[in-house]
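The values are calculated or read from the model by the stated rules, or taken from the named source; none is laboratory data. As the structure is a computational prediction, the values presented were derived from the model and not from experiment. Backbone-built Cβ (ideal geometry, glycine too); neighbour counts: all protein chains shown.
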Amino acid sequence: MSRFIPLSVPNLKGKELEYVTKVVETEWVSTGGGYINEFEKNIAGYLKIEKGVACQSGTAGLHLALKLSGVKYGDEVIVPTLTFIAAVNPVRYLGAEPVFMDCDDTLNMDLDKLEEFCRKECTLTNDGLINNKTGKAIRTLVIVHIFGNMANMERLIDIAEEYKLKVVEDSTEALGTYSTEGRYKGKFAGTIGDFGVYSFNGNKIITTGGGGMLVAKDKNLIDKAKYLSTQAKDDELYYIHDEVGFNYRMTNLQAALGVAQLEQLEGFIKIKMENYNLYKEEIDKIEGISILDFNKNTRANHWFYSLLIDEEKYGLSRDELLNKLNENKIQTRPIWGLIHEQKPYRNNQAHKIEKANYYIDRILNIPCSTSLAKEEAKYVCDILRELER
């Protein structure tokens, strides 16, 4: 195949140009304008919740969520090590420190180790959970639904309630994923914990070029988030500010893109699922590689596809395969570097990191754009088959 197959790129074949043109024509291109409110309303309607707050990025939404969850200077926050670093950095914005958890075979946080850490390494007091090693309070945990694969929220919420922890759902990769069984049947990723955050970066399932959305169980906290995201204006005419706020509001231009993209979301998920099933059927025939499953009790959005490589059986290491695929104009990427090994976080506590170390060397993400043609996916599979040794 002569053309380059990218990993994950936007699909802008809906009404994006029409809506953005309207914004330009009205000249409401900044943080005022009707499309921001419409995007917030439409996302809330899709998620079956009351309201959301549109932000400049998913990171901004996570910062606000952690702040509103009660994280204070000197606290600790439980986070996964296997994630994108934006899930962790906002902890430091607030002067708190992350405590890192391992992953399980779904790549999500290992809830056995989370529960073990809370039970054996901490003490539950009237003031909340205290880390025995550091003496610091732990008020919040961040759960990331990796690649759109929803974590076991029933068990996570049970643990959080037992140990008095607020739950921030980093659903930046999981818009459209929902539970199909149990007590959260029909609930979307991001709407079960105390806060949920979505991202509309260029590689996400829908995009605004950059942007995010914050949702919360408590309506009053959503109102507070909007207040903080718009520089905490108590009097907009005379510029009175009673708190320190942030310039975190999404622009009308971004929101116009978002409205058009959201109209296509279910169609995008359908394409993602079809291409995933095509990959899985073909790759299951190749010894030494496999596609990781999505949890069976969810309707996952199938955002990214994870190729697991057994070097001994397949004959190529992760990096060797990455380079060979690139030579064939197929863009892939390894999973993120583990956050507890990154320079800013090497001195932070990391609880029994084992499986994350295993997966870091064996996972490649393969092309998954919603514009990926069936013949392109088949070509990827053909190359994978040819490279098998």
Exercise. Out of the stretch 108-127, which residues are assigned to a strand (DSSP E or B) and buried (at least 16 other Cβ atoms within 10 Å of the Cβ)?
Worked result: M109, C122
For this session: Kindly indicate whether any position in the stretch 144-162 is modelled with pLDDT under 95, touching a Leu at 6+ places or on another chain (Cβ under 9 Å) and within 22 Å of A216 (Cα to Cα).
Result: no
Exercise. Residue check, E243 against (1) out of contact with any Ser or Thr (no Cβ under 6 Å at 6 or more places or on another chain); (2) not assigned by TED's automatic domain parsing to the domain that holds K41; (3) not in a helix (DSSP H, G or I), all met but one. Which one?
Worked result: (2)
Problem set entry | Residue list for the stretch 25-37, filter: in contact (Cβ under 8 Å) with a residue 24 or more places away in the chain, surrounded by fewer than 18 Cβ atoms within 10 Å (Cβ to Cβ) and not polar (S, T, N, Q) | V29, G32, G34
Exercise. What number of residues within the stretch 325-350 are more than 11 Å from L364 (Cβ to Cβ) and either touching a helix residue (DSSP H, G or I) at 6+ places or on another chain (Cβ under 8 Å) or not assigned by TED's automatic domain parsing to the domain that holds C381 (or both)?
Worked result: 11
For this session: Would you please list the contacts, defined by Cβ atoms under 7 Å and residues six or more apart or on different chains, that run from a residue in the stretch 136-163 that is in the same structural domain as A65 (by TED's automatic domain parsing) to a residue that is hydroxyl-bearing (S, T, Y) and part of a helix (DSSP H, G or I)?
Result: M153/Y184; E154/Y184
For this session: Would you mind stating whether L237 is crowded, with 23+ Cβ neighbours inside 10 Å and either in the same structural domain as K48 (by TED's automatic domain parsing) or free of Cβ contacts under 8 Å to residues at least 12 places away in the same chain (or both)?
Result: no
Exercise. Mind checking whether some residue in the stretch 49-59 is assigned by TED's automatic domain parsing to the domain that holds T230, farther than 29 Å from G186 by Cβ and not charged (D, E, K, R)?
Worked result: yes
Seminar exercise, completed: When the stretch 204-222 is checked residue by residue, the ones that are outside any loop (DSSP other than H, G, I, E, B), more than 13 Å from the chain's Cα centre (by Cα) and not hydrophobic (A, V, I, L, M, F, W, C) are G209, K219, N220
